[in-house]
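So the structure is just underneath, and the comments pick up after that.
The values are calculated or read from the model by the stated rules, or taken from the named source; none is laboratory data. This one's a predicted model, so the numbers in the text were calculated from it and none came from an experiment. Don't worry about glycine lacking a Cβ; one is built from the backbone with ideal geometry, like all the others, and counts go over all protein chains shown.
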Amino acid sequence: MDGGARRWAIEGVVAGALALPPSMVASALHARATGRPWQESETAAGNLVLGTSASPARLVRVGAVLRVAVALNWGVVLSRWLDHRHPVVHGAGAGLALFGFQYLLVGRRRPLVRALPAWPQVVDHVVYGTVAGAVLGRLRRRTQRGAPPSPATDPRPRPLP
């Protein structure tokens, strides 16, 4: 992997990792306010891989791992394709598109995904795209200003200790 590809891949992983926690707030608050289990999104994500006959604890564990993997993956995709001029606005739009893809297309055949209330999921996805776009914009501005890249995004090889 060349330096440029390595940089956008690492920036994407960083953006995905930082965008994941705030992107879980809306659905968790909605679940709490309506008396639903706060891990409902993780359970539904686990249902993408496992059937509904799996134990709830197993669905939550698998779903949590899957959500992290998907968030990191989408962070890399956004890092590569998100517009450099308006990353926050385009990140929000990308989050809405991710909702359409994940919830309406991929998840529609899974009963636990279909059972999720849509609006908290929309908000979660838009927040994810917005935060990922903001992180990517900041990382890109830092690189463009000529500031030394952070160790996580510096493509230059470092000497071994």
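Things worth noting here:
- Residue check, PRO117 over 21 Å from PRO22 (Cα atoms) and either touching a residue at least 12 places away in the same chain (Cβ under 8 Å) or among the acidic types (Asp, Glu) (or both): no
- Boolean, ARG6 is under 18 Å from the mean Cα position of the chain (by Cα), part of a helix (DSSP H, G or I) and charged (D, E, K, R): no
- Considered as a group, the residues in the stretch 121-161 that are modelled with pLDDT under 60 and hydroxyl-bearing (Ser, Thr, Tyr) include one that is farthest from the chain's Cα centre (by Cα), and that residue is SER150.
- Selection status of GLY46, crowded, with 20+ Cβ neighbours inside 10 Å and in contact with a His (Cβ under 9 Å, 6 or more places away or on another chain): no
- Lone qualifier among ARG61, ARG67, ARG85, ARG108 - being surrounded by fewer than 13 Cβ atoms within 10 Å (Cβ to Cβ), charged (D, E, K, R) and either at pLDDT 95 or above or assigned to a helix (DSSP H, G or I) (or both): ARG108
- Residue pairs whose Cβ atoms lie under 7 Å apart, sitting 6 or more positions apart in sequence or on different chains, and linking a residue in the stretch 81-101 that is farther than 12 Å from VAL127 by Cβ and free of Cβ contacts under 8 Å to residues at least 24 places away in the same chain to a partner that is of a type in the set (S, T, N, Q) and in a helix (DSSP H, G or I), do not occur here.
- Condition met for VAL76 (in a helix (DSSP H, G or I), free of Cβ contacts under 8 Å to residues at least 60 places away in the same chain and aliphatic (A, V, I, L, M)): no
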